[in-house]
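The values are calculated or read from the model by the stated rules, or taken from the named source; none is laboratory data. It should be emphasised that the depicted structure is a prediction, and the values quoted were computed from it without experimental measurement. Note: ideal-geometry Cβ built from the backbone for every residue, glycine included; neighbour counts use all protein chains shown.
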Amino acid sequence: MADKRDYYEVLGINRNASADEIKSAFRKLSKKYHPDLNSDDPTAEDKFKEINEAYQVLSNPEKKQRYDQYGHAGVDPNYGAGQGYGGFNASGFGDMDLGDIFGSFFGGGFGGFGGFGGTRTSNPNAPQKGRDVYIDLALSFMEAAKGCSKTVSIKTTETCDSCHGTGAAEGTSPKTCQRCHGTGHVTVEQRMMGSVIRRTAVCPECRGTGKTIEKPCPKCNGSGEKPVTKKVKVDIPAGIASEESIPLRGYGNAGKNGGAAGDAFVEVNVQPDPIFRRSGYDVAVELPVSYADAVLGADVVVPTIDGKIKFTVPEATQSETVFRLRGKGIPNPHRGGRGDQFVTVTIEVPRKLSKDQKNQLREFENSLAVDKNYDKKKSFSDRLKKLFGKE
């Protein structure tokens, strides 16, 4: 398995990624390559397995630490047969199960490290919850800010109504696997440097199910499931943000062996707005005003998520001045209350003046006392004088 890709590369993240970044990358990629959603892509299932394998390691702090230190040899039971693991030499231990020896050091099994032993797995015939599914939902800025209702399509699976989930044709039933005796796993021995190493592997006969089917159900081809598409109405709470998810319990894939169905998660993607910008639960708006309105003050109209309001721009308002409208921001769906709206004033200078207008403006400008009207201009001039002296 020396050709395995780096797990960080698989998820498209750097080695310093946080737990949240690892989870986010996994969710996006698992949705992209989920076999149920990519039936036309023959490589989807392999990619999905690779993504899941990478996440199982990097989301587990202990496995991640071993992987960062030893690479695949630290977490893959099939990797590096015939080698030592992390400086460990297996010679001299004879015919024994090293998982029993090191169990007390690593919490009941050494299976995650170099293939020694193996953590005991649960009964494959016990009820198993179905896999979760993920749905992307694009919302406009206003839909997310004010809340709305949407109908989404969920591609999922249900228990086959012909075989009732057994995968066996009508009138037949699955048999207990003779190779693993229903456990779903077998013990594999490997010779390494004069020693015999035992490890646990998935049974190749039943593929870990513990059962074999002699005559598959013709309706589901032995899978025990059938694909379905469900239309579900989703209530979007006011104030939801991008990458937040709304859980729909029980709308995921069918469970195994009578287990509960998985869940569906609707992940929101809020589209940008031409007027409003969001920061947490605050809203920012840029308000362009004329030179005259900034100098003399004016009553203007400001947009908010609740509609238009009147706002007075004070006299002598400078460009980039920010005004705060308390409680006019986004509702907080988790803690209640609302954010604020921040209005940034930008002064637009007139572009096309007649000759007469330019002369009038110059006369007006010359009539002003710099020290009383232009604090920044005077301060800048004083600093220049200190730097270069009077000319």
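Considering only region 241-266, state which residues are closer than 13 Å to residue 157 by Cα and in contact with a helix residue (DSSP H, G or I) (Cβ under 8 Å, 6 or more places away or on another chain).
253
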Seminar exercise, completed: Among 254, 261, 241, the single one that is in contact with a Cys (Cβ under 9 Å, 6 or more places away or on another chain) and part of a loop (DSSP other than H, G, I, E, B) is 254
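Conditions tested, residue by residue: (1) basic (Lys, Arg); (2) closer than 25 Å to residue 245 by Cα; (3) touching a Pro at 6+ places or on another chain (Cβ under 6 Å); (4) not in a loop (DSSP other than H, G, I, E, B).
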position: 272; (1), (2), (3), (4): no, yes, no, no
position: 309; (1), (2), (3), (4): no, no, no, yes
position: 316; (1), (2), (3), (4): no, no, no, no
position: 336; (1), (2), (3), (4): no, yes, no, no
Seminar exercise, completed: So, first residue charged (D, E, K, R) in region 163-175, second residue assigned to a loop (DSSP other than H, G, I, E, B), Cβ within less than 7 Å, six or more apart or across chains; the pairs are 170/162; 170/163; 175/214
Exercise. Can you tell me which residues in region 169-223 are of a type in the set (Gly, Ala, Ser) and closer than 28 Å to residue 35 by Cα?
Worked result: 169, 173, 182, 184, 201, 208, 210, 222, 223
Exercise. For residue 360, are the conditions met, namely being outside any loop (DSSP other than H, G, I, E, B), among the polar types (S, T, N, Q) and either exposed (fewer than 11 other Cβ atoms within 10 Å of the Cβ) or at pLDDT 90 or above (or both)?
Worked result: yes
For this session: Give the number of residues within region 176-201 that are surrounded by 13 or more Cβ atoms within 10 Å (Cβ to Cβ), farther than 27 Å from residue 227 by Cα and in contact (Cβ under 8 Å) with a residue 40 or more places away in the chain.
Result: 13
Exercise. In region 312-340, how many residues are over 20 Å from residue 294 (Cβ atoms) and in contact with a Ser or Thr (Cβ under 8 Å, 6 or more places away or on another chain)?
Worked result: 1
For this session: Could you check, for region 354-367, whether at least one of its residues is closer than 30 Å to residue 140 by Cα and out of contact with any Asp or Glu (no Cβ under 9 Å at 6 or more places or on another chain)?
Result: no
Problem set entry | Members of region 321-356 that are at pLDDT 95 or above and on the phi > 0 side of the Ramachandran plot | 327
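How many of the residues making up region 150-171 are farther than 30 Å from residue 232 by Cα and surrounded by 15 or more Cβ atoms within 10 Å (Cβ to Cβ)?
Qualifying residue count for the region: 2.
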For this session: Could you tell me whether any residue of region 263-271 is farther than 17 Å from residue 134 by Cα and crowded, with 16+ Cβ neighbours inside 10 Å?
Result: no
Problem set entry | strands (runs of 3 or more DSSP E) enclosed by region 115-234 - at least 1 residues per element that are touching a strand residue (DSSP E or B) at 6+ places or on another chain (Cβ under 8 Å) and under 30 Å from residue 308 (Cβ atoms) | 133-139, 148-159
